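Engineer: Take this structure, written in structure tokens, and hold onto it; I'll ask about it next.
The values are calculated or read from the model by the stated rules, or taken from the named source; none is laboratory data. Since this is a predicted model, take the numbers as computed values, not measurements. Every residue, glycine among them, receives a Cβ derived from its backbone with ideal geometry; neighbour counts consider all protein chains shown. Just so you know, the surface numbers come from the protein's heavy atoms only, side chains and all, with ligands and any DNA or RNA stripped out. Shrake-Rupley method; radii C 1.70, N 1.55, O 1.52, S 1.80 Å.
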Amino acid sequence: ADTVDDAFAAPADTISNTFAAPTEADALASPVGTSLDEFEHLDASAKLKVSGRLPAWLDGVYLRNGPGRWRTDRQNATHLFDGFALLTRFDLDPSNNEIAWRSRFLETDAFAHGSAPGRGLLYNEFGTPAGNAGVDRVVSFVRGAAAGGTTDNAVVSVVRTAEGRTVCLSEPTRATYEVDATTLATRGRWDYGGGFFGLPGLLHTAHPVEAEDGTFVNVATSLAPPAYAVYALNANFKNPR
């Protein structure tokens, strides 16, 4: 998970272990959850229960990206990393000792397909092949290759550009989406600029390194022919070189 604003983890005894829930009442009363709990959208902000006092320096917005749903009607994801991307926003207000929380699923093709009645996984995910038979997995592989890679489930990290835009990404280079950092609404696929999806390969790491001048540095993998490429993006997360 990545932060958007300069908000850092508080000591464990400062904030109560209260986890995401579908309603504000549940958010206030929920006990400790687990990494495999199923979540739903919460478009309106809910106030979370706070034990003790928030430190004055813990002031701002903390934005997380990570898996939030592993089930479809036909098939469940079998790896922790294969859940559909769920954005979570925490507004930290130490002056009023309050934390407001909201969440929303990233609206990818993988999520739309898996959420439809009677459907399963659209693409082979990190650790879960799509479908329950060999032919299903072959069809999923071909479908992903035709689309320019593998899954578009941008479930790993969040990047904030110099222009203040918010980008979610995962290892497949096509799994890159822009979101509204306030509402968490999906704005669409991210265009890196510079040709076919803009990057030198089908896969890259989901954790680009931001240099002191704002440039982002990352490593991409090409499969045909097999090769690694170190590339850089400008401070607006565009124009690979």
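Engineer: What is the spin-label model distance, in nm, from Asp213 to Arg241 if the labels are put 7 Å beyond Cα along the C-beta direction?
Structural biologist: Each label point is offset 7 Å from its Cα along the Cβ direction, giving 0.8 nm.
Engineer: Also: Not counting ligands, DNA or RNA, and with a 1.4 Å probe, what is Phe126's accessible surface area in Å² rounded to the nearest 10?
Structural biologist: Approximately 140 Å² for this residue.
Engineer: Counting only protein heavy atoms and using a 1.4 Å probe, what share of the accessible area of the stretch 42-85 belongs to carbon plus sulfur, as a whole percent?
Structural biologist: Within the stretch 42-85, the accessible surface is 50 percent carbon and sulfur.
Engineer: Related question: What whole number of Å gives the distance from the Cα centroid of the stretch 65-113 to the Cα centroid of the stretch 181-241?
Structural biologist: The stretch 181-241 and the stretch 65-113 have Cα centres spaced 22 Å from each other.
Engineer: Using heavy-atom solvent-accessible surface (probe 1.4 Å) with all chains present, what is the largest-first order of Lys49, Lys238?
Structural biologist: Lys49, Lys238
Engineer: Same structure again: Checking a compactness column here: for the stretch 155-241, what do you get for Rg(Cα) / (2.2 N^0.38 Å), N being the number of residues?
Structural biologist: Cα Rg divided by the expected 2.2 N^0.38 Å: 1.03.
Engineer: Okay, next question. Not counting ligands, DNA or RNA, and with a 1.4 Å probe, what is Val209's accessible surface area in Å² rounded to the nearest 10?
Structural biologist: So the heavy atoms of Val209 present about 90 Å² to solvent.
Engineer: So for the pair Ala100, Ala116, with labels modelled 7 Å out along Cα→Cβ, what separation do we get in nm?
Structural biologist: 3.6 nm
Engineer: So if each residue of separation counts as 0.36 nm, and I subtract the Cα-Cα distance between Asp180 and Ser222, what length gain in nm does that give?
Structural biologist: Extending this stretch completely gives an extra 12.0 nm.
Engineer: Amide H to amide H under 5 Å from Glu125: which residues, 5+ apart in sequence or cross-chain, H placed 1.01 Å off N in plane?
Structural biologist: Ala130
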